[in-house]
Amino acid sequence: MVHIGNDWDGVLLPLFESENYKKIRSFLKSEYQNYTIYPNMYDIFNCFKLTPYSKVKVVILGQDPYHEVGQAQGVCFSVPNGIKLPPSLQNIFKELKSDLGYTAPNCGDLTKWAKEGVLLLNTVLTVREGQANSHKNCGWMTFTDEVIKLISNKKEPVVFILWGGNARSKKQLIAKHHHIIESAHPSPLSAYNGFFGSKPFSKANEYLIKENLAPIDWQL
């Protein structure tokens with residue numbers, strides 16, 4: 001049984017006991033034995049370990065983990081200290097500077113955001129080395145759709161930041177009392193189509209303050 005170590009354990013129990021998750025486990029057992037899979041199997045659920053269910057104030061949805069050596073750490077868009085910043089993350093930091101004036105950090109580790117209450121959730125939690133979206137059909141989409149619904153069930157309002165088509169397709173899972181900020185994806189292919197200038201960080205904080213919730217300290 002998966003052990004998260006905080007209140008997600010109770011919240012996610014029905015998902016971990018489901019037939020869908022049993023299929024995911026069986027699939028992953030074979031994948032980890034036969035291929036190089038990211039992230040490390042012990043890091044798959046890191047986003048939940050870093051941001052307890054009761055502390056989630058903002059959700060940023062990613063697609064699937066980075067698929068090159070040393071990048072994926074179970075937290076969407078984040079890379080460990082010392083790893084070169086992927087292009088999407090470079091663009092996120094450019095927008096952070098443009099939006100809030102914070103100097104772009106050299107390190108791509110977003111753990112601080114996670115501990116502030118930002119759930120950094122990929123819609124698919126594993127990937128084969130060098131093959132983006134290679135695990136999209138193994139059951140993770142069903143699993144993370146249920147996670148989004150569980151967060152949507154929270155009475156306290158949550159900000160959902162949806163970048164790109166994959167994330168925006170989840171809008172129908174989110175209850176009306178939450179706040180959605182959406183734009184193009186920060187990828188170099190689409191960042192100039194509406195991601196740059198979208199001010200997601202200041203907009204999220206404006207909403208949290210309006211709801212009498214503490215804003216996120218986005219400075220890294």
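The values are calculated or read from the model by the stated rules, or taken from the named source; none is laboratory data. Not measured: the values here are computed from a predicted model. For neighbour counting, all protein chains shown are included, and Cβ atoms are generated from backbone atoms with ideal geometry for every residue, glycine included. These accessible areas exclude ligands, DNA and RNA; they are computed on the full protein's heavy atoms, side chains included. Shrake-Rupley method; radii C 1.70, N 1.55, O 1.52, S 1.80 Å.
Restricting the range 50-80 to residues that are open to solvent by 10 Å² or more (accessible area, probe 1.4 Å) and not in a loop (DSSP other than H, G, I, E, B) leaves a set whose member that is nearest to Met141 (Cα to Cα) is Tyr53. The single condition from (1) touching a Leu at 6+ places or on another chain (Cβ under 9 Å); (2) hydrophobic (A, V, I, L, M, F, W, C); (3) open to solvent by 60 Å² or more (accessible area, probe 1.4 Å) that Leu120 fails is (3).
Does Ala191 satisfy being touching a strand residue (DSSP E or B) at 6+ places or on another chain (Cβ under 6 Å), surrounded by 19 or more Cβ atoms within 10 Å (Cβ to Cβ) and touching a residue at least 24 places away in the same chain (Cβ under 8 Å)? Here the answer is no, as Ala191 does not meet what is asked. The residues of the range 194-212 that are under 13 Å from Asp99 (Cα atoms) and either of a type outside the set (D, E, K, R) or in contact (Cβ under 8 Å) with a residue 60 or more places away in the chain (or both), listed by number, are Phe195, Phe196, Gly197, Ser198, Lys199, Pro200, Phe201, Ser202, Ala204, Asn205. When Pro215 is tested against (1) without any contact (Cβ under 8 Å) to a residue 24 or more places away in the chain; (2) farther than 24 Å from Thr111 by Cβ; (3) open to solvent by 40 Å² or more (accessible area, probe 1.4 Å), just one condition goes unmet, and that condition is (2). Within the range 1-49, if we keep just the residues that are touching a helix residue (DSSP H, G or I) at 6+ places or on another chain (Cβ under 7 Å) and loosely packed, with under 12 Cβ neighbours inside 10 Å, the residue that is modelled with the lowest pLDDT turns out to be Met1. Note on the range 123-163: among residues that are acidic (Asp, Glu) and open to solvent by 50 Å² or more (accessible area, probe 1.4 Å), the one that is farthest from Lys176 (Cα to Cα) is Glu129.
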